[in-house]
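Data first, discussion second: the structure below is written as structure tokens.
The values are calculated or read from the model by the stated rules, or taken from the named source; none is laboratory data. Bear in mind that the values here come from a model prediction, so they are computed numbers and not experimental data. We place every Cβ from the backbone using ideal geometry, glycine too, and count neighbours over all the protein chains shown.
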Amino acid sequence: MSSTDPTRWTAAEMATALAGGDLSAVELTRAHLDRIAEVDGTAEDGVHAFLHVDADGALAAAGAVDAARAAGEAQHALAGVPIAVKDIMVTAGVPTTAGSRMLAGWVPPYDATVVRRLREAGLVSLGKTNMDEFAMGSSTEHSAFGPTRNPWDLERIPGGSGGGSAAALAAHEAPLATGTDTGGSIRQPAAVTGTVGVKPTYGGVSRYGLIALASSLDQGGPCARTVLDAALLHEVMGGHDPLDSTSLDAPVPPVVAAAREGARGDLAGVRVGVVRELDGEGYQPGVRTRFTEALAHLEAAGAEVVEVSCPNVEHALAAYYLILPSEASSNLARFDGMRYGLRVVPEGDAVTAEQVMGATRAAGFGDEAKRRIILGTYALSSGYYDAYYGSAQKVRTLVQRDFAAAFAEVDVLVSPTCPTTAFRLGEKLEDPLAMYLNDVATIPANLAGIPGMSLPVGLAEEDGLPVGLQVLAPAMADDRLYRVGAALEARLLAAWGGPLLDRAPALAAPARAGVPA
């Protein structure tokens, strides 16, 4: 540990310190609560990563971990380590809004399976993080409660929809966070904040208690600052859940062992495929430069790098923006002002249910949610279903076949995570299509149900902002992500002389002792 400030440690380092009695869970939790109070602020004057900070609950949970440890009880390796939870995961006794006015003030009576598993492992939840409304967005500007800001530059976006979780990591407000990924909402925020994000194989992490956007695409996953930390959290979150009909009845892949093996830096015998269609025009020069350098590091580690083609991924974006709105239209129909959530009753006598629904939805949903609901309703309507939704599902099958063919030749696939670095707040709000294009490289993995990781590979020379590399693997081969990601991370850390976040502005991470800024 190169710093005396525990908020600068990795989650693995925190776990070691807690187990060794170097500090208590309460002390560690207080340090992070103090950091949140110092930098999080509001949408106008801070990072605004959190929508709700559960200070009392966090300290109580930390105290319970300390008491159990003092009594000699067996504990999980991460017991006492703080974590931030994306506000799309229902949490008993804590407000859960999905970033929408529709659920403002709602306090669930139960925990999502992921949240329950975190509690059982003894992780300490600091609170709920900001997000685009119902996970619809790529910038966290579509939150009903104001945008989150990127700790590298407070005038830029932290990605979306899970920008709050990624920003909390980059600002050292939490060492771990949960996210959900429907079309890149874990990986894209990781890329633009210089952190690590993983979308597990579809069904590898329970969706029970995750407020649904698009049920065939949504997937919970870990967010962290290092590949090993992500693996440790993945192991806690993953596994079969009988409460989720889409949950895979299979053990969690050996992600922690793979991360530890990869950290040795040896990728001999690993074949890495560069997806031709995900490295084309429209990519920022600095993104392409860092990506090319990362490929050289992979080769230096012993991997064989070859080019592969997945021709149908060029159509993935169009297919996704028919499938997702269609499923969103169906899932969000439950928010009607009749059963739970916001209810707006128009003035007048003999108000009808339809009028209440209309007034509630007009007030409760933001512009992006309305846009996608309308598009999805149209795509599912009589006479258009086969032409739009049905055709999009056929493209989805072609994308899956492309990936299957590619993985017959290589072990993993790589691409830039995003075409550009973080753009400025407000820059793309008036152009939804430009916003959607930001997810062009991440969406195919969701259509195919395969796992993907984003990890930082440096800073773009044009703006000094983080660039992410995406690694994809076959379904249920999540461990390959961690082996390749950890090997690349180890080589990059050696080249940089320390973590990338140590180069961030003072708000994000003052330099650790002994590590140059």
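Part of a loop (DSSP other than H, G, I, E, B), β-branched (Val, Ile, Thr), out of contact with any His (no Cβ under 8 Å at 6 or more places or on another chain) and loosely packed, with under 15 Cβ neighbours inside 10 Å, is that true of residue 4? Show your work before the answer.
Details: part of a loop (DSSP other than H, G, I, E, B): yes; β-branched (Val, Ile, Thr): yes; out of contact with any His (no Cβ under 8 Å at 6 or more places or on another chain): yes; loosely packed, with under 15 Cβ neighbours inside 10 Å: yes.
When the stated conditions are applied, residue 4 passes them.
Give me a count of the residues in segment 401-414 that are crowded, with 16+ Cβ neighbours inside 10 Å, assigned to a loop (DSSP other than H, G, I, E, B) and not aliphatic (A, V, I, L, M).
The initial filter retains those residues of segment 401-414 that are crowded, with 16+ Cβ neighbours inside 10 Å, namely 402-403, 406-407, 410-414.
Imposing the further condition that a residue be assigned to a loop (DSSP other than H, G, I, E, B) reduces the set to 410-411.
Still in the list and also not aliphatic (A, V, I, L, M): 411.
Counting residues in segment 401-414 that are crowded, with 16+ Cβ neighbours inside 10 Å, assigned to a loop (DSSP other than H, G, I, E, B) and not aliphatic (A, V, I, L, M) gives 1.
How many residues, within segment 340-357, are without any contact (Cβ under 8 Å) to a residue 12 or more places away in the chain and either within 30 Å of residue 320 (Cα to Cα) or among the aliphatic types (A, V, I, L, M) (or both)?
Within segment 340-357, the first condition is being without any contact (Cβ under 8 Å) to a residue 12 or more places away in the chain, and the residues that meet it are 347-352, 354-355.
Okay, now just the ones that are also either within 30 Å of residue 320 (Cα to Cα) or among the aliphatic types (A, V, I, L, M) (or both), so 350-351.
Qualifying residue count, segment 340-357: 2.
What are the pairs, 6+ residues apart or on separate chains, where a residue within segment 290-303 that is at pLDDT 95 or above and crowded, with 21+ Cβ neighbours inside 10 Å has its Cβ under 9 Å from a residue that is of a type in the set (Ser, Thr, Tyr) and assigned to a helix (DSSP H, G or I)?
none
What number of residues in segment 360-385 are in contact with a Lys or Arg (Cβ under 9 Å, 6 or more places away or on another chain), without any contact (Cβ under 8 Å) to a residue 60 or more places away in the chain and among the hydrophobic types (A, V, I, L, M, F, W, C)?
Of the residues in segment 360-385, 2 are in contact with a Lys or Arg (Cβ under 9 Å, 6 or more places away or on another chain), without any contact (Cβ under 8 Å) to a residue 60 or more places away in the chain and among the hydrophobic types (A, V, I, L, M, F, W, C).
Taking the residues in segment 455-486 that are surrounded by 22 or more Cβ atoms within 10 Å (Cβ to Cβ), of a type outside the set (Gly, Ala, Ser) and out of contact with any strand residue (DSSP E or B) (no Cβ under 8 Å at 6 or more places or on another chain) as candidates, determine which candidate is nearest to residue 404 (Cα to Cα). Walk me through it before giving the result.
The first filter runs over segment 455-486 and keeps only residues surrounded by 22 or more Cβ atoms within 10 Å (Cβ to Cβ), leaving 455-458, 465-473, 478-486.
Right, trim to of a type outside the set (Gly, Ala, Ser) and you get 455-457, 465-467, 469-472, 478-484.
Filter once more, so that each one left must be out of contact with any strand residue (DSSP E or B) (no Cβ under 8 Å at 6 or more places or on another chain): 479, 483.
Details: 479: 17, 483: 20 Å.
Per the stated criteria, the residue is 479.
Can you confirm whether residue 156 is more than 22 Å from residue 213 (Cβ to Cβ), in contact (Cβ under 8 Å) with a residue 12 or more places away in the chain and surrounded by fewer than 24 Cβ atoms within 10 Å (Cβ to Cβ)? Break it down into steps so the answer makes sense when it comes.
Working: more than 22 Å from residue 213 (Cβ to Cβ): yes; in contact (Cβ under 8 Å) with a residue 12 or more places away in the chain: yes; surrounded by fewer than 24 Cβ atoms within 10 Å (Cβ to Cβ): yes.
Criteria met by residue 156.
Out of segment 227-271, which residues are in contact with a helix residue (DSSP H, G or I) (Cβ under 9 Å, 6 or more places away or on another chain), surrounded by fewer than 24 Cβ atoms within 10 Å (Cβ to Cβ) and outside any helix (DSSP H, G or I)?
239, 241, 243, 244, 247, 252, 254, 263, 264, 265, 266, 270
Given (1) closer than 22 Å to residue 369 by Cα; (2) in contact (Cβ under 8 Å) with a residue 40 or more places away in the chain; (3) of a type outside the set (Lys, Arg), identify the lone condition not met by residue 105.
Going through the list (1) closer than 22 Å to residue 369 by Cα; (2) in contact (Cβ under 8 Å) with a residue 40 or more places away in the chain; (3) of a type outside the set (Lys, Arg), residue 105 breaks only (2).
If the requirement is being touching a Gly at 6+ places or on another chain (Cβ under 9 Å) and under 21 Å from residue 18 (Cβ atoms), which of these qualifies: 135, 71, 84?
Working: 135 fails: under 21 Å from residue 18 (Cβ atoms); 71 fails: touching a Gly at 6+ places or on another chain (Cβ under 9 Å).
That would be 84, the only listed residue that is touching a Gly at 6+ places or on another chain (Cβ under 9 Å) and under 21 Å from residue 18 (Cβ atoms).
Name the residue, out of 441, 494, 490, that is under 21 Å from residue 302 (Cβ atoms) and in contact (Cβ under 8 Å) with a residue 24 or more places away in the chain.
Working: 441 fails: under 21 Å from residue 302 (Cβ atoms); 494 fails: in contact (Cβ under 8 Å) with a residue 24 or more places away in the chain.
Just a single option satisfies the conditions, and that option is 490.
Quick one: which residue in 307, 281 is over 23 Å from the mean Cα position of the chain (by Cα), within 22 Å of residue 435 (Cα to Cα) and outside any helix (DSSP H, G or I)?
On the way: 307 fails: within 22 Å of residue 435 (Cα to Cα).
Just a single option satisfies the conditions, and that option is 281.
Does residue 317 meet the test of being out of contact with any strand residue (DSSP E or B) (no Cβ under 9 Å at 6 or more places or on another chain), of a type in the set (A, V, I, L, M) and either in contact (Cβ under 8 Å) with a residue 40 or more places away in the chain or surrounded by 15 or more Cβ atoms within 10 Å (Cβ to Cβ) (or both)?
Numbers: out of contact with any strand residue (DSSP E or B) (no Cβ under 9 Å at 6 or more places or on another chain): yes; of a type in the set (A, V, I, L, M): yes; either in contact (Cβ under 8 Å) with a residue 40 or more places away in the chain or surrounded by 15 or more Cβ atoms within 10 Å (Cβ to Cβ) (or both): yes.
Criteria met by residue 317.
Quick check on segment 322-338. Is at least one of its residues within 28 Å of residue 107 (Cβ to Cβ), part of a helix (DSSP H, G or I) and of a type in the set (Lys, Arg)?
For segment 322-338, residues within 28 Å of residue 107 (Cβ to Cβ), part of a helix (DSSP H, G or I) and of a type in the set (Lys, Arg): present.
If you take the residues in segment 382-400 that are closer than 24 Å to residue 438 by Cα and charged (D, E, K, R), which one is surrounded by the most Cβ atoms within 10 Å (Cβ to Cβ)?
Here the answer is 396.
With the requirement that a residue be closer than 16 Å to residue 212 by Cα, part of a strand (DSSP E or B) and of a type outside the set (Val, Ile, Thr), what does segment 178-198 give you? Before the answer, list the steps.
Of segment 178-198, the ones closer than 16 Å to residue 212 by Cα are 178-186.
Retained after the next criterion (residues that are part of a strand (DSSP E or B)): 178-180.
Across segment 178-198, the qualifying residue is only 179.
So residue 333 ticks every box in (1) in contact with a helix residue (DSSP H, G or I) (Cβ under 9 Å, 6 or more places away or on another chain); (2) in contact (Cβ under 8 Å) with a residue 40 or more places away in the chain but one. Which box is left unticked?
Against the list (1) in contact with a helix residue (DSSP H, G or I) (Cβ under 9 Å, 6 or more places away or on another chain); (2) in contact (Cβ under 8 Å) with a residue 40 or more places away in the chain, residue 333 comes up short only on (2).
Give all pairs with beta carbons closer than 7 Å in which a residue from segment 166-181 that is free of Cβ contacts under 8 Å to residues at least 24 places away in the same chain meets a residue that is outside any loop (DSSP other than H, G, I, E, B); count only pairs at least 6 apart in sequence or on separate chains.
As it stands, the answer is none, since no pair meets every condition given.
I need the full set of residues from segment 378-400 which are part of a helix (DSSP H, G or I), modelled with pLDDT under 95, of a type outside the set (Phe, Trp, Tyr) and touching a helix residue (DSSP H, G or I) at 6+ places or on another chain (Cβ under 7 Å), in order please.
379
Determine, yes or no, whether residue 452 is among the small types (Gly, Ala, Ser) and under 17 Å from the mean Cα position of the chain (by Cα). Steps first, answer last, please.
Numbers: among the small types (Gly, Ala, Ser): yes; under 17 Å from the mean Cα position of the chain (by Cα): yes.
Answer is yes for this residue.
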